[in-house]
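S.K.: Structure incoming, see below.
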Amino acid sequence: MKKLFSKSSENWDKPFSEKVARRVSKIPTAELEMWLEQSIYEVGRCLSGYTKNREMVYLQEARTGAEALHAVVEELYKRNAKP
């Protein structure tokens, strides 16, 4: 069943939230690569922390970073894909 007051007419089927996608869509193309590198670094740092401490907070942060990483790659791809 479709929601009556839905903002979008299509279903969201990406592994990151619409909020993340909207934020990433506002980043200038020239800065996306820097965001990509920062996301990769953050995921690695969190996984290293999890390996040492086995605390869920590190996995939660790694997951958030991975969602951002995926959203940035998707946006960069979308902007550079040939029609």
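S.K.: For the chain, what's the radius of gyration and Dmax over Cα atoms, in angstrom?
M.R.: Reported Rg and Dmax, both Å: 15.4, 48.
S.K.: Let me ask something else about it. Within 10 Å of each residue's Cβ, count the other Cβ atoms and sort 75, 37 from fewest upward. Write out the running numbers ahead of the final one.
M.R.: Values: 75 21, 37 12.
Lowest to highest Cβ neighbour count: 37, 75.
S.K.: With θ set to phi - 60°, apply the Karplus curve 6.51 cos²θ - 1.76 cosθ + 1.60 along the stretch 71-83 and write out the HN-Hα couplings as whole Hz, x wherever there is a Gly or Pro.
M.R.: 4, 5, 4, 4, 5, 4, 4, 4, 6, 9, 5, 7, x
S.K.: Also: Suppose each label sits 7 Å from its Cα in the direction of the beta carbon; what would the residue 63-residue 22 distance come out to in nanometres?
M.R.: 2.2 nm
S.K.: List the aspartates and glutamates whose alpha-carbon lies under 19 Å from that of residue 19, not counting same-chain residues fewer than 8 positions away?
M.R.: 10, 31, 61, 67, 74, 75
S.K.: Where Lys and Arg each count +1 and Asp and Glu each count -1, what net charge lies around residue 37 among other residues with Cβ under 13 Å from its Cβ?
M.R.: Around residue 37, the surrounding residues sum to -2.
S.K.: Given points 7 Å out from each Cα along the Cα-Cβ axis, report the residue 52 to residue 33 separation in nanometres with one decimal.
M.R.: Going from the residue 52 label point to the residue 33 one covers 3.1 nm.
S.K.: Something else about it: Provide the per-residue ³J(HN,Hα) series for the stretch 60-70, in order, calculated from phi with Karplus coefficients 6.51, -1.76, 1.60 and θ = phi - 60°, each as a whole number of Hz, with x at glycine and proline positions.
M.R.: Coupling constants for the stretch 60-70: 4, 5, 5, 5, 4, x, 5, 5, 5, 4, 4 Hz.
S.K.: Please return the longest range in the chain lying between exposed loop sites, taking trypsin sites (Lys or Arg not before Pro), DSSP loop only, at most 13 other beta-carbon atoms within 10 Å, and leaving the sites out.
M.R.: It runs 55-83.
S.K.: What is the dipole size for the chain, taken about its Cα centre, with +1 at each Lys and Arg Cβ and -1 at each Asp and Glu Cβ, in debye to the nearest 20?
M.R.: Computed about the Cα centre, the dipole is about 340 debye.
S.K.: Can you work out ³J(HN,Hα) from phi for every residue in the stretch 28-37, in order, using Karplus 6.51 cos²θ - 1.76 cosθ + 1.60 and θ = phi - 60°, giving whole Hz and x for Gly and Pro?
M.R.: With the stated coefficients, the stretch 28-37 comes to x, 3, 4, 9, 4, 5, 5, 5, 4, 4 Hz.
Laboratory data are not the source of any read-out in this text; all were calculated from the coordinates shown. Everything numeric in this text was worked out from a predicted model, so none of it was measured. So basically every Cβ, Gly included, is an ideal-geometry build from the backbone, and we count neighbours across all protein chains shown.
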